[in-house]
Structure formats: structure tokens, C-alpha cells
């Protein structure tokens, strides 16, 4: 195969900012076949700008045109339908986060990808960052034992976006984000948990391999927002450990709009700290002591293009390494689903 036929479903602001520039730079490997989004004027401009052969408001037209790889950046409520159709059509799939609205949907996609023999990736950008893959490899070589305590903290500049008073600073300036994608619970599934803590959970769960079995959560929606801006979550883990998750919508301009994100895990045989804001990774094992992994300045910044590059490499057989598979996406959805159930009920919710 000399070129991969590309289908893009959901060519909104984030796809224009994060995905299309990377795909355009990979034109030697990628043929722009089909694009889908709502809004005929914007759709026409994108078709002309990038040279897609087919442009339609119906995702089925994109798949019918033929696609080897499909990037899905539609609203969260549509991810399951679009990803399932793309996998069944024989495409390798990169799905934006949050992966799906429910854990049942997520695990169904995992099963389908396995049955069809297709690669399924979730766009958890930090999981592809070199500082994180080095940490993953170091933990694979010598872990920290059974995870007893996991702490996840995150804040990012989503205050205006989620309160419907402004845009996300990393959005494309050419196409304004459709606010309902983020602030209508029927489309988004929630607020900061879905928009940002999905990233933080993917980072932590990807490094540790843990899975949530229960949650108690408090969520706050100041500024009259329809979705929550802040989260405080306690998770019970299947291996007996516990996890605290804190997420906050920060003000625009804080620390140059760089995300604050840190994960600390304490296990039976050691512990580690990963801080992408301070760009630091520290490992401690009871047998060998402490080790600080090298981190190049700038590695902690979010890069939404890494997942697209990996989709291309996986589809072309250049690598078999997928740092953000559907299975990891499903575990993040499980944890968030429990958290939202708990915030609604006021009770400790467990996997049914």
C-alpha cells in the first residue's frame, strides 16, 4: 500500500487545529478521500482547502468512498456510532476523547476492533509523549508492585469554554468550536471530567494498568454552567487500591495556558511521580532506590498530533506499539461513568 485513504468524520475546530495539519504534512502516506461535518459552507471550504474527493454531512458517504484510516472528531455522543461503522467498514480508527458516552459502548468497540483485526486508538495525546513512553517502558522493566494509592490532579483553561462565555485557547482560529459539543450534556456527557479528566485518567491508568470498581464524586458548576467545571472524585480500584482525582477549570492566561497535570502512584514495591507541567519523572523502587528519568524541555506540552502520526504508522505496519488503545479508553470511560453516576445520586456507585 503506497497511500492510506483517509476519512475524517467531524471536521470541527479541534480537527482543524490538531489533526489536519499533521495529516497534510503526511501527504506522501495519506490520500484525502472523504470529510464529514455539519455546515455546508465550512464543509465546502475544508474540501477545497485540503483536496478531499468527497465532502458530505452524512458520515456514511465518507465510509462508502473507501477509507483505510478514519479519524473521528465528532461530538462525544456520536463517537460510538461513527467508530463502529468505521471499524465494520475495515478501517483503522483514531477516536477523539472522551472515547464514548458509556462503558458498554466502549467495550463493544474494543471487541469489534479485535474481531475485525483493526487498530483502535484514542486521542490521549500525553500517552504518546516521549517522557510518558519512557516512563511506561521503565515501569514495564521494573514496576512498583500492586498500586495502593493513586493521586491525579489536573487543571486547564476550560472555564470560559464550559461556562459558555468563551472559547478554548487551543481551538482553531478558522472555525469556532460549536459550544453545544462541550456544554450540552446530551452531546458531551458532562463537563470537565469528559473534556479533560479523560486525558488525566488515561495517563494514570495507562501507566499503572489499574481499573476502577467504584466511585464517590462531587462536582461543581459555577457561573450557571450546564456542565461541571470542577471535579473531586474518589475511586476504589479492583486490586484493592484507592485513587483521588481532582480536576479544575482554570482561568485563561494562567501559566501561559499550559496544562497542570500530575500523577503520583504508591505501590507495594515502590512509587513514581509524573508531572507534565514541571516536566519531571521520578521513580523509586524498594530494591534499587530513586531514579529521575531524563525529560527534554517542552515535552510536557500537549501535542494533539502524535496520535495521528501513530495511526498512520500502525496502519502502514511501521510499528505495533499503541500507547492509547481502545481498552485503555474503555477503562477511562468506566471511571468517569461511575463518577457521574455518583455525583447525580450522592452515593458511592459501583460497577454493576
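Values in this text are rule-based calculations from the coordinates and carry no lab data. None of these values were measured; they are calculated from a predicted model. Heads up, the Cβs are rebuilt from the backbone with ideal geometry, glycines too, and the neighbour counts pull from every protein chain shown.
A few notes on this one:
- Judged by the gyration tensor of its Cα atoms, with axes a ≥ b ≥ c, region 197-287 is oblate; a/c meets the 1.5 cut and b/c is at least as large as a/b.
- For the chain, share of DSSP beta bridges that run antiparallel, in % to the nearest 5: 60 percent
- Given the alternatives (1) 31, 23, 20; (2) 37, 22, 18; (3) 44, 31, 16, semi-axes √(5λ) of the Cα gyration tensor in Å as computed for this entry is given by (1).
- Against the chain, whose longest principal axis comes from its Cα atoms, helix 76-88 is set at around 70 degrees.
- Alpha-carbon Debye profile of region 198-352, log10 I(q)/I(0) at 0.18, 0.21 Å⁻¹: -1.30, -1.42
- Summary of the geometry: region 62-80 and region 23-60, compared by the centres of their Cα atoms, lie 12 Å apart.
- Region 12-95 shape via C-alpha gyration tensor axes, a/c threshold 1.5: rounded
- Take the Cα of residue 344, step 7 Å toward its Cβ, do the same at residue 149, and the gap between the two points is 3.3 nm.
- Cα centroid separation, region 309-352 to region 194-211 (Å): 7 Å
- Sorted fewest first by neighbouring Cβ atoms within 10 angstrom, 318, 331, 213 come out as 318, 213, 331.
- For region 81-206: rounded, prolate or oblate by the Cα gyration tensor [a/c cutoff 1.5]: oblate
- Nearest-ten-degree value, helix 40-50 long axis tilted from longest Cα axis of the chain: 90 degrees
- Segment residue 134-residue 178, length gained on full extension (0.36 nm per residue, minus Cα span): 12.2 nm
- Whole-angstrom gap from region 287-307 to region 118-161, using each part's C-alpha centre: 10 Å
- Helix content alone sets the calculated 222 nm mean residue ellipticity of the chain: runs of n ≥ 4 DSSP H residues at -39500 (n - 2.57) each, divided across all residues, give -9500 deg cm²/dmol.
- Gained length - residue 318 relative to residue 221, 0.36 nm times residue gap less alpha-carbon distance: 30.4 nm
- Were the residues from residue 290 through residue 102 laid out at 0.36 nm apart, the gain over their Cα-Cα distance would be 63.8 nm.
- Against the main long axis of the alpha-carbon atoms of the chain, helix 130-141 sits at an angle near 50°.
- Sorted by Cβ density within 10 Å, fewest first, the residues 158, 133, 183, 296: 296, 133, 183, 158
- Within region 175-210: backbone nitrogen closer than 20 Å to the residue 142 label point (7 Å, Cα to C-beta): 207-209
- Model label sites at residue 211 and residue 57, defined 7 Å from Cα along the beta-carbon direction, differ in position by 4.2 nm.
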